[in-house]
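Sharing a structure, written as structure tokens. Questions coming.
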Amino acid sequence: MQLFDYDRWNNQLPSLTGEYQGASPYPHIVLENFLNPDVLDACVQEFNKLNEDDGWINYVHYNENKAGLNKLDLLPTSIKRTINELNSPEFLKFLSTLTGIKGLIKDDLLEGGGIHQSKRGGFLNIHADFTVHPHHRHWQRRVNVLVYLNKDWQEEYGGNLELWDTKMQACEKKVLPVFNRCVIFNTDADSYHGHPEPTTCPEDRYRRSIALYYYTEEAHPLRRATHYMVRPGEEKKKFRVKLDNLMVAIYTDLKGMLGANDKIVSKVLRFFSRKK
């Protein structure tokens with residue numbers, strides 16, 4: 001069973017490349033029916049069987065409320081197969097042509113990526129992603145690939161991915177996280193995005209995705225931790241967002257120096273979130 005239809009997508013690359021590289025507010029594209037739906041159905045079923053004891057990391061602090069699982073050996077078969085396909089040389093070639101970025105590198109550690117899910121009330125404030133892999137000092141982060149796994153997701157549930165302009169003046173695009181929709185975008189220092197509005201889905205529903213990040217080798221990469229922003233009208237939140245950014249930056253530096261893992265970050269950020 002073919003997971004990614006290379007013939008179909010490669011044939012569309014001439015038009016997709018122009019759409020991607022010319023997009024505003026920064027290079028990105030939204031692709032529908034991205035992967036084999038039968039495989040993604042299996043991924044959904046595997047998600048349903050996972051529980052809190054299966055290695056989930058809780059990212060709970062002022063700027064986000066979600067859970068992630070990024071240990072490849074702990075992931076179920078179909079999810080692991082999907083990640084391996086999206087990290088394959090053939091897919092990297094497709095991605096490099098689409099984005100115009102040569103030499104893209106996969107991340108077997110799935111740093112910050114893997115699978116994500118959030119419950120009702122989950123959110124992720126607008127931010128620009130960390131720019132350098134904490135365990136590879138010359139790896140500059142360049143591209144995100146997000147594949148959504150939310151069947152029958154309704155507009156009223158919220159959870160839209162928002163893409164903001166580089167001056168943080170306005171949201172230029174909203175993407176509902178529906179099943180088998182893929183969003184690919186450049187991760188520059190001002191590629192601001194997130195889903196800042198808490199989800200309002202039923203208590204038994206989750207906002208779920210597969211998230212993969214890609215890098216290039218650079219001699220002198222720009223190094224910065226994930227940097228959260230306040231939206232217009234949220235000036236009262238500025239101090240808390242700034243403090244949270246400081247905590248995230250400190251942890252990111254320690255993580256790179258000490259080789260700490262994200263199980264620790266979830267505990268650290270929860271501690272500081274309670275303090276605030």
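The values are calculated or read from the model by the stated rules, or taken from the named source; none is laboratory data. What you are looking at is a predicted structure, and each value in this text was computed from that prediction instead of being measured. Ideal geometry is used to build each Cβ from the backbone, glycine not excepted, and the neighbour counts take in all protein chains shown. Just the protein is used for accessible areas: all its heavy atoms, side chains included, with ligands, DNA and RNA removed. Shrake-Rupley method; radii C 1.70, N 1.55, O 1.52, S 1.80 Å.
Once the piece of chain linking D152 and V60 is laid out straight, how much longer is it, given 0.36 nm per residue of separation minus the C-alpha distance between them? Could you put the intermediate results ahead of the total?
Values: separation 92, 0.36 × 92 = 33.12 nm, distance 2.64 nm.
Working it through step by step, the gained length comes to 30.5 nm.
Could you report the chain's accessible area per residue, 1.4 Å probe, as an integer in Å²? Could the numbers behind the result be given before it?
Working: 13020 Å² over 276 residues.
It amounts to 47 Å² per residue over the chain.
Suppose we flag GluC sites (Glu not before Pro) only when DSSP calls them loop and at most 15 other Cβ atoms lie within 10 Å. Which is the longest uninterrupted stretch of the chain? Don't skip to the end; give the middle numbers.
Values: sites that count: E32, E52, E203, E218, E234.
In short, 53-202.
Please identify the trypsin sites (Lys or Arg not before Pro) of region 166-215 that satisfy two criteria: DSSP loop assignment and at most 10 other Cβ atoms within 10 Å. Which are they?
Working: sites: K167, K173, K174, R181, R205, R207, R208; in loops: K167, R181, R205.
Those satisfying the criteria are K167.
Okay, moving on. Out of residues 5 or more away from E172 or on other chains, whose amide H comes under 5 Å of its own, with H placed 1.01 Å from N in the peptide plane?
Amide H neighbours of E172, under 5 Å, 5+ apart: L163, W164, D165.
Kirkwood Rh, region 1-136, all Cα pairs: how many Å?
Details: mean 1/r = 0.0589 Å⁻¹.
Value: 17.0 Å, from the Cα pair sum.
Quick one: length gained pulling D165 to R223 fully straight, 0.36 nm per residue minus the C-alpha distance?
Working: separation 58, 0.36 × 58 = 20.88 nm, distance 2.13 nm.
Gain on extension, D165 to R223, equals 18.8 nm.
Now for a separate question. Using a 1.4 angstrom probe on the protein heavy atoms only, could you order C171, C182 from most to least accessible area? Can you show the working numbers first?
Values: C171 45, C182 0 Å².
Output order, biggest surface exposure first: C171, C182.
Let me ask something additional. In square nanometres and to one decimal, what's the mean projected area of the convex hull around the Cα atoms of region 98-176? Don't jump to the answer; show the numbers that get you there.
Working: hull surface 29.2 nm².
Spelled out: convex hull of the Cα atoms, projected over all directions, averaged, 7.3 nm².
Within region 57-207, how many Lys pairs that are eight or more residues apart, or on different chains, come under 16 Å at the alpha-carbon? Walk me through the intermediate numbers first.
Details: K66/K119; K71/K80; K71/K106; K80/K106; K93/K102; K93/K106; K119/K151.
Going through region 57-207 pair by pair, I get 7.
Identify the residues of region 84-110 with backbone N under 16 Å of a label point that sits 7 angstrom from the Cα of Q21 along the Cα-to-Cβ direction, or state none.
93-104
Right, next: Give me a comma-separated list of calculated 3J(HN,Hα) values for region 67-78, in order, Karplus coefficients 6.51, -1.76, 1.60 applied at θ = phi - 60°, integers in Hz, x for any Gly or Pro.
Once θ is set to phi - 60°, the couplings for region 67-78 become 10, x, 9, 10, 9, 4, 6, 9, 7, x, 4, 5 Hz.
Shifting gears a bit: May I ask which residue of N65, L110, P134 lies farthest towards the positive end of the charge dipole of region 9-154, with charges of +1 (Lys, Arg) and -1 (Asp, Glu) on Cβ and the Cα centre as origin?
Checked the options; the winner is P134.
Note the full-extension length gain between L176 and K237 as 0.36 nm times their separation in residues minus their Cα-Cα distance, in nm to one decimal.
Working: separation 61, 0.36 × 61 = 21.96 nm, distance 2.56 nm.
Residue separation times 0.36 nm, minus the Cα-Cα distance, leaves 19.4 nm.
Can you pull a Stokes-Einstein diffusion coefficient for the chain at 37 °C (0.692 mPa s), Rh from Kirkwood over Cα pairs, as a whole number of µm²/s?
Numbers: Rh = 19.1 Å.
In µm²/s, the coefficient rounds to 172.
Pop out the carbon and sulfur fraction of the accessible area of the chain as a percent, whole number, probe 1.4 Å. Walk me through the numbers before you get to the answer.
Values: 6520 of 13020 Å².
Whole-percent figure for carbon plus sulfur exposure: 50.
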